[in-house]
Amino acid sequence: MLKTGAEETSGVSKYAWYVVLILNLANISALVDRQVLTLMVEPLKRDFGLSDIQVSLLIGISFSLFYTILGIPLARLADAKSRRNIIAASIALWSLFTGICGITKNYAQLFAARIGVGIGEAGLTPAAVSLIADYFPKKQRVMAMSIFQMGIYMGAGIALITAALIIKLASVNEVWQLPFIGRIYPWQMVFFYIGLPGLLIALLMFTVKEPARKALLYHVSADEKEVIARVSFPEFLTYLRQNSAAFAHFYGGISLLTVAIFGISTWVPTLFIRSHGWSTLQAGLTFGGCIAVFSSLGALAGGKLSLVLAKKGHRDANMRVPLIAALGLIPLTIAFPLMPAPAGAVLCLIPICFFGSFQIGTVPTALQEIAPNQMRAQAISIHMFIINLIGAGLGPLLVALVTDYLFNDTQALPYSLVLTMPVALVLSTIVLSSGLKHFSETKEALNLRVKNHYT
């Protein structure tokens, strides 16, 4: 039997929002460390002698493979142990490995360091989402999640802007000699600037209190007392199978949406450089500014839209928002790469950034609606596993494969984007729309089994 104890619904404390702020900073740090490589395509190719495919593997698979695989066992820990401690350790780990990226001497070493960054970041999102869900009642979760997830776009924007400025200062074609470190390329200094400050955020996490868990799964013991259940991983998988229609459509639709979002965002700076003759500084400042401003606004707007849809009686509001995002992105992903002038490309990029973040707060909130407390972090980790393996891993690679093997021309990047990204978005809309009914049914079935849940 699922039930929860009596819970406060009169409001949310300022401290709860402070927790969201700290987690938002952690998200910013994670995305700064993760996203900066998208602006280093040309220096990497020049100094390490790489192809587009090798760069896409460095940006995608090296990070996402271990990020996704280790996310599941770390989520198991987050569903049973201190989420605060897991997050603090994760921040410290990815920050150290980002700094190590700055002293690598070749592609293999940088690939290994990126794996370390992925391992560290694997512990953040599942634990943070579970933490926030216990600090906020249902009606306020989506905005709290949106603000937390907004750190993704603030971090990505800061990464591109900061890296562009630093790379501009260090874009000389030579090798630097640093004390105790030895020879490095100037652009590698970026990793020191963006990685090490994360250690301060790790320390700030120890000001966060572990909240009481709510909406827990209970079972009746031999002496007929209700005790908190310990949910095994096989039991979690059984729950997924029992509700496979809802989870399969949700995970599948969001993954296809993520393929398009990662595929476009990875190659935006390179598109401006190759097709419009922009410098790295111009591309980084423009894309970074669009992400920091318009993607952040999109995250908030998506959360607000979810609340409006819920008030109108849509039980599937948090799944309907990503469907709207996918529909909005289809024409934009066709127009953006084909724009003949950079001004037109920027005008298309602004709504791409807006709709590309639309679903970011509603997706984790939706999973909280169809999974009990002891399964929340694991449900998020499965989601992260799928979207990163498929989205982050396949999105950039798919574009590179079409560019290198179908066209065999790096200048054909715009056509590679047009041939791949809109298709992924169309498939996403089909899967998400067909899953709305199943999502609502699973949500209502869980609510009926939970006593004294949030109103």
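The values are calculated or read from the model by the stated rules, or taken from the named source; none is laboratory data. Treat the numbers as computed from the prediction; the structure is a model and nothing was measured. Here the Cβ is made from the backbone with ideal geometry for all residues, glycine too, and neighbour counts use every protein chain on show. For the accessible areas, the whole protein counts, side chains as well, though only heavy atoms, and no ligand, DNA or RNA atoms are used. Shrake-Rupley method; radii C 1.70, N 1.55, O 1.52, S 1.80 Å.
For Leu50, the residues 5 or more places off, or on other chains, whose built amide H falls under 5 Å of its own are Lys45. Considering only GluC sites (Glu not before Pro) in DSSP loops that have at most 16 other Cβ atoms within 10 Å, the longest stretch of the chain without any of them is 225-455.
Database remark: amide H of Asp316 closer than 5 angstrom to no amide H (H placed geometrically; neighbours at sequence offset of 5 or more, or on other chains; Pro and chain starts carry no H). Return the subset of Lys139/Lys214; Lys81/Lys139; Lys304/Lys437; Lys14/Lys81 for which the Cα-Cα distance in this structure is over 19 Å, preserving the input order. Over 19 Å apart, Cα to Cα: Lys81/Lys139; Lys304/Lys437; Lys14/Lys81. The order of Lys81, Lys311 by accessible area, most exposed first and with a 1.4 Å probe, is Lys311, Lys81.
In this structure the amide hydrogen of Leu178, modeled in the peptide plane, comes within under 5 Å of the amide hydrogens of Arg183, Ile184, none closer than 5 places in sequence on its chain.
Using θ = phi - 60° in the Karplus curve 6.51 cos²θ - 1.76 cosθ + 1.60, the 3J(HN,Hα) couplings for region 128-133 round to 5, 4, 4, 4, 4, 4 Hz; x is entered for Gly and Pro. In the chain, the alpha-carbon atoms span a convex hull of 135 Å³ per residue.
Annotation for region 99-133 versus region 320-376: alpha-carbon center distance of 24 Å.
Taking the Cα of Leu178, stepping 7 Å toward and past its beta carbon, and measuring to each backbone N in region 78-101: which are under 20 Å? Answer for region 78-101: 92-101. Using only the Cα atoms of region 232-385, build the gyration tensor, take square roots of its eigenvalues as a ≥ b ≥ c, and label the shape rounded, prolate or oblate: rounded if a/c is under 1.5, else prolate if a/b is larger than b/c, else oblate. Verdict is prolate for region 232-385. Couplings for region 429-439, taken from phi via the Karplus curve 6.51 cos²θ - 1.76 cosθ + 1.60 with θ = phi - 60°, read 5, 5, 5, 5, 5, 6, x, 4, 4, 5, 4 Hz in order; Gly and Pro are left as x.
State whether region 270-325 is rounded, prolate or oblate according to the following rule on the C-alpha gyration tensor (a ≥ b ≥ c being the square roots of its eigenvalues): a/c under 1.5 gives rounded; otherwise a/b larger than b/c gives prolate, and the remaining case gives oblate. Because a/c hits 1.5 or more and a/b exceeds b/c, region 270-325 counts as prolate.
Using the Karplus relation 6.51 cos²θ - 1.76 cosθ + 1.60 with θ = phi - 60°, the per-residue 3J(HN,Hα) values for region 406-421 come to 7, 9, 6, 7, 5, 6, 8, 3, x, 6, 5, 5, 5, 6, 10, 5 Hz, with x marking Gly and Pro.
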